[in-house]
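Data first, discussion second: the structure below is written as structure tokens.
Computed from the coordinates by the stated procedures, all read-outs in this text should not be read as laboratory data. What you see is a predicted model; the values in this text were computed from it and never measured. Cβ placement follows ideal geometry from the backbone for every residue including glycine, while neighbour counts extend to all protein chains displayed.
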Amino acid sequence: MADTAPYEIPPSVLAPASQRLVLHRRGSTVWQVETEQGRYAVKLGYPIEATPEWPAQEWTALAPAREGTVLQQLNRAGVSFGEWDHGTWNIQPWYAGTSLYDLWRPHRVDDALSEPDPGEASSCAEAVAELHASGWVHGDIQPAHLITSTAGTKLIDLALAHGGHIPPSYDFSYRGCLVHYESPEVSRAVLTTGTATPTQAADVYALGASLFISATGLRHVAYPDDASRPDQRRAVVEGPHRPVDVPGTLGRLIEAMLSPNPTDRPTSREVHGELINAS
């Protein structure tokens, strides 16, 4: 939970016609705004102060501007970023749609329903494959970052992406992501050195874990809900992952994507191709 009231959008950043709070957590506030030009997301980053449960973190203040530089290098239209009193901000187009986890909720609550649509999974894999083809890795793939609509899937939240030039003033070390979706090699590196290097193979693992939890409601590795981050990472490293009981081609691919050996995992493009053929 956030320990401060949501930061309002500074007038120097934007004066929207209307706004709605989307997310407020430690280090980040996100608003959905309406302007004469259209609908946008405004992200405000600020440092995390130390608490008895959490160490202080400075990188959260830099994340919006770092993401802005990534999005501009990917030629995303309508993106701007800059600095404000507490950190950095970015503005980017709002992508309407449903997260993968919410999209597949009916399959988790009604056993009588058929298995998740391979075409929807294929759309997610395609979004990852397109990012990889551009020379970038995401570093933070999770169901909430896979936004699906009739136009396909949009991969959002690229603050941790690697693949191009990041201005040193906005850059920070990669310290892993939400552990539910970390690969064993990333968790191992973070436990050993405090940092890691995101890779395409780690993105594929995270996509597999995202598909698994969205289809089943279970994390791919079992650990207590109140486990510490180090304990979560040790569970990922030591394995094994839960049995993949998703049927059909989708289940077989998830099993392959969750291989502890990065070289044994299919590429995002291969996953997309097989799911296209299965849909």
Two-site label geometry, residue 270 and residue 218: point separation in nm, points 7 Å out along Cα→Cβ:
2.6
Mind sorting 154, 43 by how few other Cβ atoms lie within 10 Å of their own Cβ, fewest first?
154, 43
Roughly what angle does helix 229-238 make with the longest principal axis of the chain, taking Cα atoms, 0 to 90 degrees, to the nearest 10?
30
How far apart, in nm, are two points set 7 Å out from the Cα along the Cα-to-Cβ line at residue 80 and at residue 15?
1.3
Overall Cα dimensions of the range 143-218, principal axis frame, Å, largest first:
38, 27, 16
Can you give me the three principal axis dimensions of the range 95-211 from its C-alpha atoms, in Å, biggest first?
49, 29, 20
Label model pair residue 261, residue 192: point-to-point distance (7 angstrom along the Cα→beta-carbon line) in nm is 1.8
Under the rule rounded for a/c under 1.5, else prolate if a/b exceeds b/c, else oblate, using alpha carbon gyration tensor axes a ≥ b ≥ c, the range 18-93 is classed as oblate
Taking the 0 to 90 degree range and rounding to the nearest ten, how far is the long axis of helix 248-257 tilted relative to the main principal axis of the chain, both from C-alpha atoms?
70
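Using only DSSP helix segments of four residues or longer, with each worth -39500 (n - 2.57), what per-residue ellipticity at 222 nm results for the chain after dividing by its residue count and rounding to 500?
-10500 deg cm²/dmol
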Fewest to most neighbouring Cβ within 10 Å: what's the order for 177, 124?
177, 124
Cut-off 10 Å between beta-carbons: net charge of the residues surrounding residue 27, Lys and Arg +1, Asp and Glu -1
0
Go through the range 50-102 and name the GluC sites (Glu not before Pro) that are in a DSSP coil and have 15 or fewer other Cβ atoms within 10 Å of their Cβ.
53, 58
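So, counting K/R as plus one and D/E as minus one, what does the shell of residues with Cβ under 15 Å around residue 267 add up to?
Result for the neighbourhood of residue 267: -4.
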Relative exposure of 49, 120, judged by other C-beta atoms within 10 Å (fewest first):
49, 120
Where the centre of each part is set by its Cα atoms, how far does the range 110-141 sit from the range 160-206, in angstrom?
19
The Cα radius of gyration of the range 169-279, divided by 2.2 N^0.38 Å with N its residue count, comes to 1.08
